[in-house]
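Trainee: First, the structure itself, so that you have it in front of you.
The values are calculated or read from the model by the stated rules, or taken from the named source; none is laboratory data. What you see is a predicted model; the values in this text were computed from it and never measured. A quick note on method: Cβ atoms are made from the backbone with ideal geometry, for glycine too, and the neighbour counts reach across all protein chains shown.
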Amino acid sequence: MIERLMDIDRSITGDGVRRSLEMLKEKVDFNIHEIPSGTKVFDWEVPQEWVIRDAVLSDETGKVWADYEKDFLHVVSYSEAVDKDLTHDELKLHLYTSNFAHGIPYRTSYYKKDWGFCVDGNAYKAMNPELKYHARIDSEFKDGSMTYGEKIIEGDEDEYIISTYCCHPSMINDNVAGMAMWADLLASMSKTKHTYRFIIAPETIGMISYLATHDVSKVKGAVILSHVAGPSSEPPNFKQSFLGNSYIDRVARQATGEDGTPFTIRGSDERQLSSPAFRIPTIILNKGGLYGPYYHTSLDREYYPPDYQATFESAKRMIEVLEGDRVVESLNPSCEPMMSKRNLYPTLGGDNQNNTDTENLMTVMFNSGSSLLDIAENTGKSMDELIKTSEVLKKEGLIK
Amino acid sequence: MIERLMDIDRSITGDGVRRSLEMLKEKVDFNIHEIPSGTKVFDWEVPQEWVIRDAVLSDETGKVWADYEKDFLHVVSYSEAVDKDLTHDELKLHLYTSNFAHGIPYRTSYYKKDWGFCVDGNAYKAMNPELKYHARIDSEFKDGSMTYGEKIIEGDEDEYIISTYCCHPSMINDNVAGMAMWADLLASMSKTKHTYRFIIAPETIGMISYLATHDVSKVKGAVILSHVAGPSSEPPNFKQSFLGNSYIDRVARQATGEDGTPFTIRGSDERQLSSPAFRIPTIILNKGGLYGPYYHTSLDREYYPPDYQATFESAKRMIEVLEGDRVVESLNPSCEPMMSKRNLYPTLGGDNQNNTDTENLMTVMFNSGSSLLDIAENTGKSMDELIKTSEVLKKEGLIK
Amino acid sequence: MIERLMDIDRSITGDGVRRSLEMLKEKVDFNIHEIPSGTKVFDWEVPQEWVIRDAVLSDETGKVWADYEKDFLHVVSYSEAVDKDLTHDELKLHLYTSNFAHGIPYRTSYYKKDWGFCVDGNAYKAMNPELKYHARIDSEFKDGSMTYGEKIIEGDEDEYIISTYCCHPSMINDNVAGMAMWADLLASMSKTKHTYRFIIAPETIGMISYLATHDVSKVKGAVILSHVAGPSSEPPNFKQSFLGNSYIDRVARQATGEDGTPFTIRGSDERQLSSPAFRIPTIILNKGGLYGPYYHTSLDREYYPPDYQATFESAKRMIEVLEGDRVVESLNPSCEPMMSKRNLYPTLGGDNQNNTDTENLMTVMFNSGSSLLDIAENTGKSMDELIKTSEVLKKEGLIK
């Protein structure tokens, strides 16, 4: 799936997104929506669709320096059409490179009409400043629509958003892996007590459009999947919400076992979800951080393995924690219950009070009035054992 | 007194407790109460009295491996009667030992009818698995009552509980020393502004019974005396309440000069006192921690000196802090009072403002609206000097 | 100016203060007020004026050990008149020295009628105990008034006090530099949104009198200038208010880049300003701390340079922070504003989001509802750049 998604070019609008979402529907069913070009969404406007057919940068000797057919990254995304000769000096105003000999940078020019080519460090240095160059981009803009996907898993209690973005072209860690993992996570969902809004949309303008057209006033937290296939040596982690210790941060902390990295204003769709009118605490679930050395270059696809299994497990644990957490209400609040008459307690006293099961039972009973997540944080016990313990106690009629 | 208490066997019910409390009454007067067997107390029931007359474990060669006459710990407390031959394999289901060559463990089986013997590590290893053994326990259960002691020192302000437990047999640190110290502390009390409920009862079932039969809704905190005669090298310390920084924790912090060890669910009667229906913040005043290597073995009485003087001093300081703490209300709130006209202030200015008495006077006046305990915590000054200072200021009519 | 102020002796009352304030009026206009001797101010009374004409301590050989004409510090401030022979033992009850061979201490006896001489360590040791001494102080007390200066810079929002004290004689760091800097700071003020009460008064009795005769109920914080010309190697810093993290502490933290030194009860006029009836959070802006080794000795004037430029800059930054801080209210709270259509945003996406200006704009918009000072503390950005950013956003109509 990841390989097939790598073969499709994507931008914030257009057929690339549409074909990618259709491909993900092979894994799991969700709804695809279109918002017409020109639609006003808060301070923004849904842009036209970008159609790109071909793009070649060559010099007067006929040598080709950048070719869209070979690598989508060679063209600045959303470039307007061009077909002309230029001096090297003129070209340089439209030419971008990276710090790496073999790394082609990823650039976009969504909100100002412009065009450009991207080449790796070797090519950039090797270009002869004395030659004439020819830049040809066969592209056009047309009215159409912006595409996003959504599936709502209905529950009775709180609402959460789980989103990723689908506007980046052929890089694995950012964000083809996130797209695939989003579909896998959606496929893994069963009946839940909370409502989960799964959203896959172009970054920024997609989430702005979503927020402009949906009531999210009941949403208690959001999780963005991004950079989920980072370095093998690094564990899944998360970028903290702007609040740092909101409920969704605490859930992520339990699920990953990591503290999270501090919130920064630079980021992804948390910039919209947490903006003043919404203030939805939003974390980014990732693996090994968000901006490594290969960020937004073609080296992303060479360096990072197409493997998001560990991050996927953390995401599922987040769902388990969200679903399993509850406030414990004791039905036996006056002193301890007599564990032995219920066969819950080792009957031989003396040195055996440090039995783990007993300790868990006592811990949950004692902390009536707290949530299991509170208890996990205060005692260092895992949500998994606390959830199991609370089920035993519920069966015994000791809590509700 | 400690030696005489060591000569009495005790369990959660029966004559051992009764005789022990009578012995403590030689030190100080308090009331002894009885609760009949079978009385329902919350989720529990007051158990029958256990009468133990004799218990011997011997092998077919006549060698005696455990003898209640020699050491009360040789029999599992609350053992039912038995008189039969067993193979070594059958015996092992009723045989307990410790990690120490010369340590007999302390075991109980209060809430499941069972029987057993306890032997030290050397004996356990030396027993020949090929021999037949004879287990004889001459015991019975009978309806009677559970015994506890109580004395209320009446005051006008808040209520506090000071308790210890009297159900453990011949071990010094846990808890014969605690029983003796409880009586000494009670004997040291004079007229107080707060009410103090001194309680001595069997652990767990005794405190549950007390809570089931008394109104403790005005109790602001509790102190349990346990393990008060720990290692000579260790200072008095306390186990924090479940709140960690409640008023009684703060008082204990001032009185011991220690931070306290963190709350754990494993413990003594704080499990009942702090249960959801009561939530009385409860600390355990101890010396050198609660569970050392010799916990619940016969080595407790060899390793720990029968000396609780340092812990006793800490307990008395707790009473002094509780009694001496008060909210300072300034009668001269606008700027500093003129100390010199009251002969409270060195009259020669310049370098002498760091006079300690002056600084104390200024500190208490400045912090009007705070309690002395707040001030002690914020400034590092001792409660002792702050209490003395507030008395000087009160005499001068500067505070009330 | 500092040199000229060094030539005037000052005490808590009298012509010295009057002449000093007149001298400061050469720098900037402010009002001079007089409060008659004997006026009751809270628990205190305004003292009489002290007139000192001459003072000499000599021995029977005619050698002069202390001479008011040579150094004002030789006489205990507010000494009563004396003219008599004494033995060395009698003299010692009225003789003060410092730990330094060449340091004359500064001593006062304001509130108990007494007299005394101060000599350096060398002189103290060299005095012959066998000789007779003659002490002559030609001074008198007379009804008059206590003098202080005040200027109110009127604004529409909150009120702040900026004060210093003018009762110390010829020492630079404590506090001739503070007096001069107070006048310079007052001279630097232009139209402000807050009200600033500039006060220059004798320490303690001056501020007590001020508080007894003015309504300061709207004052939100105070800054005392003291020890502003400390060691060259030390940066400007501040003594924290009794609250430690009040608004004026936070402003001082931004302005100095230092955390401040903890509040202590020993201090200057914060003892009155923050007393229970007023509780005005008050910091002392200083350089290198308040009590160095040369505190209240003649070495103050040798050791410390008459240079308060760095502290003056910090004080001006405090005013800038007070004036520039405001709560940001977004006019575009739903998602981010589209920066590119306003030419506020680099239009080429990809790697350039870490542009500092852009990040500042996004940071201020995102944190709508917070004050700029909150944002500075949470992000580590400087108040200076945040104030500039908020002005850009206001011009664009994005915030108010």
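Trainee: Considering the stretch C:233-256 alone, what residues qualify as being more than 14 Å from chain B (Cβ to nearest Cβ), out of contact with any strand residue (DSSP E or B) (no Cβ under 9 Å at 6 or more places or on another chain) and in a loop (DSSP other than H, G, I, E, B)?
Mentor: First, pick out the residues of the stretch C:233-256 that are more than 14 Å from chain B (Cβ to nearest Cβ): C:233-239, C:246-256.
Restricting the remaining residues to those that are out of contact with any strand residue (DSSP E or B) (no Cβ under 9 Å at 6 or more places or on another chain) gives C:233, C:250, C:254.
Correct list: C:Ser233 only.
Trainee: Give me the residue from the stretch B:95-128 that is assigned to a helix (DSSP H, G or I) and not charged (D, E, K, R) and, out of that set, farthest from the chain's Cα centre (by Cα).
Mentor: Step one: of the stretch B:95-128, the residues assigned to a helix (DSSP H, G or I) are B:121-126.
Filter once more, keeping what is not charged (D, E, K, R): B:121-124, B:126.
Details: B:Gly121: 30, B:Asn122: 32, B:Ala123: 33, B:Tyr124: 33, B:Ala126: 37 Å.
Taking the candidates together, the pick is B:Ala126.
Trainee: In this structure, is B:Lys70 within 20 Å of B:Asp7 (Cα to Cα), away from every other protein chain (no Cβ under 11 Å), out of contact with any Asp or Glu (no Cβ under 7 Å at 6 or more places or on another chain) and not in a helix (DSSP H, G or I)?
Mentor: Details: within 20 Å of B:Asp7 (Cα to Cα): yes; away from every other protein chain (no Cβ under 11 Å): yes; out of contact with any Asp or Glu (no Cβ under 7 Å at 6 or more places or on another chain): yes; not in a helix (DSSP H, G or I): yes.
So B:Lys70 fits the description; yes.
Trainee: Could you please find all residues in the stretch A:42-77 being of a type in the set (A, V, I, L, M) and buried (at least 18 other Cβ atoms within 10 Å of the Cβ)? Reasoning before the result, please.
Mentor: Restricting attention to the stretch A:42-77, the residues satisfying the condition of being of a type in the set (A, V, I, L, M) are A:46, A:51-52, A:55-57, A:64, A:66, A:73, A:75-76.
Selection gives A:Val46, A:Ile52, A:Ala55, A:Val56, A:Leu57, A:Ala66, A:Leu73, A:Val75, A:Val76.
Trainee: Right, here's the next one. Look at the stretch A:20-67 and say how many of its residues are outside any loop (DSSP other than H, G, I, E, B) and either more than 22 Å from A:Ile205 (Cα to Cα) or among the aliphatic types (A, V, I, L, M) (or both). It would help to see each step written out before you state the result.
Mentor: To start, the set of residues in the stretch A:20-67 that are outside any loop (DSSP other than H, G, I, E, B) comprises A:20-24, A:31-36, A:40-41, A:44-45, A:49-59, A:64-67.
Right, trim to either more than 22 Å from A:Ile205 (Cα to Cα) or among the aliphatic types (A, V, I, L, M) (or both) and you get A:21, A:23-24, A:32, A:35, A:41, A:51-59, A:64-67.
Total meeting the criteria: 19.
Trainee: Going by what's in this entry, would B:Ser268 be described as closer than 25 Å to B:Leu211 by Cβ, part of a loop (DSSP other than H, G, I, E, B), under 16 Å from the mean Cα position of the chain (by Cα) and at pLDDT 95 or above? Before the answer, list the steps.
Mentor: Details: closer than 25 Å to B:Leu211 by Cβ: yes; part of a loop (DSSP other than H, G, I, E, B): yes; under 16 Å from the mean Cα position of the chain (by Cα): yes; at pLDDT 95 or above: yes.
Here the answer is yes, as B:Ser268 does meet what is asked.
Trainee: Being among the β-branched types (Val, Ile, Thr) and closer than 18 Å to B:Asn332 by Cβ is the filter here; which residues of the stretch B:380-398 pass it?
Mentor: First, the residues of the stretch B:380-398 that are among the β-branched types (Val, Ile, Thr): B:387, B:389, B:392.
Selection gives B:Thr389, B:Val392.
Trainee: Looking at the structure I just gave you, is C:Asp156 among the acidic types (Asp, Glu), out of contact with any Asp or Glu (no Cβ under 9 Å at 6 or more places or on another chain) and touching a residue at least 24 places away in the same chain (Cβ under 8 Å)?
Mentor: Against the criterion (among the acidic types (Asp, Glu), out of contact with any Asp or Glu (no Cβ under 9 Å at 6 or more places or on another chain) and touching a residue at least 24 places away in the same chain (Cβ under 8 Å)), C:Asp156 qualifies.
Trainee: Oh, and also: From the list C:Asp9, C:Asp85, C:Asp89, exactly one residue is free of Cβ contacts under 8 Å to residues at least 60 places away in the same chain and either in contact with a Phe, Trp or Tyr (Cβ under 7 Å, 6 or more places away or on another chain) or in a strand (DSSP E or B) (or both). Which is it? Lay out the reasoning, then the answer.
Mentor: On the way: C:Asp9 fails: free of Cβ contacts under 8 Å to residues at least 60 places away in the same chain; C:Asp89 fails: either in contact with a Phe, Trp or Tyr (Cβ under 7 Å, 6 or more places away or on another chain) or in a strand (DSSP E or B) (or both).
Result of the check over C:Asp9, C:Asp85, C:Asp89: C:Asp85.
Trainee: For the stretch B:180-201, indicate whether the set of residues that are in contact with a strand residue (DSSP E or B) (Cβ under 9 Å, 6 or more places away or on another chain) and within 14 Å of chain A (Cβ to nearest Cβ) is non-empty.
Mentor: Yes, some residue in the stretch B:180-201 is in contact with a strand residue (DSSP E or B) (Cβ under 9 Å, 6 or more places away or on another chain) and within 14 Å of chain A (Cβ to nearest Cβ).
Trainee: Is the stretch A:274-292 home to any residue that is in a helix (DSSP H, G or I) and either touching a residue at least 60 places away in the same chain (Cβ under 8 Å) or away from chain C (no Cβ under 13 Å) (or both)? Give the derivation first.
Mentor: Of the stretch A:274-292, the ones in a helix (DSSP H, G or I) are none.
No, the stretch A:274-292 contains no residue that is in a helix (DSSP H, G or I) and either touching a residue at least 60 places away in the same chain (Cβ under 8 Å) or away from chain C (no Cβ under 13 Å) (or both).
Trainee: Hey, does the stretch A:207-221 have a residue that's surrounded by 22 or more Cβ atoms within 10 Å (Cβ to Cβ), among the hydroxyl-bearing types (Ser, Thr, Tyr) and assigned to a helix (DSSP H, G or I)?
Mentor: Yes, that holds for at least one residue.
Trainee: Of everything in the stretch B:320-363, what is part of a loop (DSSP other than H, G, I, E, B), of a type in the set (Val, Ile, Thr) and at pLDDT 85 or above? Give them in sequence order. Explain how you work it out, then say what you get.
Mentor: Start the filter on the stretch B:320-363 by keeping residues that are part of a loop (DSSP other than H, G, I, E, B), which leaves B:325-326, B:328-329, B:331-339, B:343-348, B:350-351, B:355.
Then keep just the ones that are of a type in the set (Val, Ile, Thr); that gives B:328, B:347.
Matches in the stretch B:320-363: B:Val328 only.
Trainee: Here's a check for you: in the stretch A:78-94, which residue that is within 12 Å of chain C (Cβ to nearest Cβ) and closer than 19 Å to A:Gly121 by Cα is surrounded by the most Cβ atoms within 10 Å (Cβ to Cβ)? Step through it out loud before you land on a result.
Mentor: Restricting attention to the stretch A:78-94, the residues satisfying the condition of being within 12 Å of chain C (Cβ to nearest Cβ) are A:78-79, A:93-94.
This time we only want the ones that are closer than 19 Å to A:Gly121 by Cα, so: A:93-94.
Working: A:Leu93: 9, A:His94: 20.
Ranking the qualifying residues of the stretch A:78-94, first place goes to A:His94.
Trainee: Moving on to the next point. For the stretch B:313-328, state whether one or more residues are touching a residue at least 24 places away in the same chain (Cβ under 8 Å), over 23 Å from B:Asp184 (Cα atoms), within 14 Å of chain C (Cβ to nearest Cβ) and touching a helix residue (DSSP H, G or I) at 6+ places or on another chain (Cβ under 9 Å).
Mentor: yes
A quick yes/no check of all residues on (1) out of contact with any Lys or Arg (no Cβ under 9 Å at 6 or more places or on another chain); (2) closer than 28 Å to B:Arg342 by Cα; (3) surrounded by 15 or more Cβ atoms within 10 Å (Cβ to Cβ):
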site: C:Glu3; (1), (2), (3): yes, no, no
site: C:Met6; (1), (2), (3): no, no, yes
site: C:Glu22; (1), (2), (3): yes, no, no
site: C:Ser37; (1), (2), (3): no, yes, yes
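Trainee: State the number of residues belonging to the stretch B:1-59 that are within 23 Å of the chain's Cα centre (by Cα) and of a type in the set (Ser, Thr, Tyr).
Mentor: Final tally of qualifying residues: 3.
Trainee: Of C:Asp120, C:Asp114, which residue is away from every other protein chain (no Cβ under 14 Å) and out of contact with any helix residue (DSSP H, G or I) (no Cβ under 9 Å at 6 or more places or on another chain)? Reasoning before the result, please.
Mentor: Working: C:Asp114 fails: away from every other protein chain (no Cβ under 14 Å).
One residue alone meets the criteria, C:Asp120.
Trainee: Here is a further query. Of the residues A:His168, A:His102, A:His94, A:His134, which single one is touching a residue at least 24 places away in the same chain (Cβ under 8 Å) and in contact with a Gly (Cβ under 6 Å, 6 or more places away or on another chain)? Reasoning before the result, please.
Mentor: On the way: A:His168 fails: in contact with a Gly (Cβ under 6 Å, 6 or more places away or on another chain); A:His102 fails: in contact with a Gly (Cβ under 6 Å, 6 or more places away or on another chain); A:His134 fails: in contact with a Gly (Cβ under 6 Å, 6 or more places away or on another chain).
Unique residue meeting the criteria: A:His94.
Trainee: Hey, another quick one. Identify the single condition in (1) crowded, with 24+ Cβ neighbours inside 10 Å; (2) in contact with a Phe, Trp or Tyr (Cβ under 8 Å, 6 or more places away or on another chain) that B:Phe238 does not satisfy, given that it satisfies every other one.
Mentor: Here B:Phe238 meets the rest and fails (2).
Trainee: Quickly run through the stretch C:324-337 and pick out the residues that are among the acidic types (Asp, Glu) and surrounded by fewer than 17 Cβ atoms within 10 Å (Cβ to Cβ). Give the steps one after another, and end with the answer.
Mentor: Of the stretch C:324-337, the ones among the acidic types (Asp, Glu) are C:325, C:329, C:336.
Scanning the stretch C:324-337 gives a single hit, C:Glu329.
Trainee: Can you pull out every residue in the stretch B:98-126 that is surrounded by 19 or more Cβ atoms within 10 Å (Cβ to Cβ) and either of a type in the set (Ser, Thr, Tyr) or farther than 26 Å from B:Glu203 by Cβ (or both)? Don't jump to the end; show me each part of the working.
Mentor: Here is the first cut: in the stretch B:98-126, the residues surrounded by 19 or more Cβ atoms within 10 Å (Cβ to Cβ) are B:98, B:103-111, B:116-120, B:123.
Across the stretch B:98-126, the qualifying residues are B:Ser98, B:Tyr106, B:Thr108, B:Ser109, B:Tyr110, B:Tyr111, B:Ala123.
Trainee: Same structure again: Among the listed residues A:Leu86, A:Leu73, A:Leu91, which satisfies the condition of being within 23 Å of A:Met171 (Cβ to Cβ) and modelled with pLDDT of 95 or more?
Mentor: Numbers: A:Leu86 fails: within 23 Å of A:Met171 (Cβ to Cβ); A:Leu91 fails: within 23 Å of A:Met171 (Cβ to Cβ).
Residue meeting the stated conditions: A:Leu73.
Trainee: Would you please list the contacts, defined by Cβ atoms under 8 Å and residues six or more apart or on different chains, that run from a residue in the stretch B:185-204 that is loosely packed, with under 15 Cβ neighbours inside 10 Å to a residue that is of a type in the set (Asp, Glu)?
Mentor: B:Lys193/B:Asp156; B:Lys193/B:Glu157; B:Lys193/B:Glu323
Trainee: While we're looking at this one, here's another question. If I ask for residues that are within 26 Å of C:Ser145 (Cα to Cα) and over 17 Å from the mean Cα position of the chain (by Cα), which ones from the stretch C:184-210 would you list?
Mentor: The initial filter retains those residues of the stretch C:184-210 that are within 26 Å of C:Ser145 (Cα to Cα), namely C:186, C:196-210.
The one that is within 26 Å of C:Ser145 (Cα to Cα) and over 17 Å from the mean Cα position of the chain (by Cα): C:Ser209.
Trainee: Tally the residues that are of a type outside the set (A, V, I, L, M) and within 16 Å of C:Asp174 (Cβ to Cβ), restricting the search to the stretch C:2-28.
Mentor: Residues in the stretch C:2-28 being of a type outside the set (A, V, I, L, M) and within 16 Å of C:Asp174 (Cβ to Cβ): 5 in total.
Trainee: Additional query: Please state which of the following conditions B:Asp300 fails to meet, knowing it meets all the rest: (1) of a type in the set (Asp, Glu); (2) more than 23 Å from B:Met171 (Cβ to Cβ); (3) buried (at least 23 other Cβ atoms within 10 Å of the Cβ).
Mentor: It fails just one condition, (2).
Trainee: Any residue in the stretch B:284-291 that is surrounded by fewer than 23 Cβ atoms within 10 Å (Cβ to Cβ) and of a type in the set (A, V, I, L, M, F, W, C)? Please lay out each step first, then the result.
Mentor: Quick first cut of the stretch B:284-291, residues surrounded by fewer than 23 Cβ atoms within 10 Å (Cβ to Cβ) only: B:288-291.
If we keep only those that are of a type in the set (A, V, I, L, M, F, W, C) as well, we get B:290.
Looking for residues that are surrounded by fewer than 23 Cβ atoms within 10 Å (Cβ to Cβ) and of a type in the set (A, V, I, L, M, F, W, C), one finds at least one in the stretch B:284-291, hence yes.
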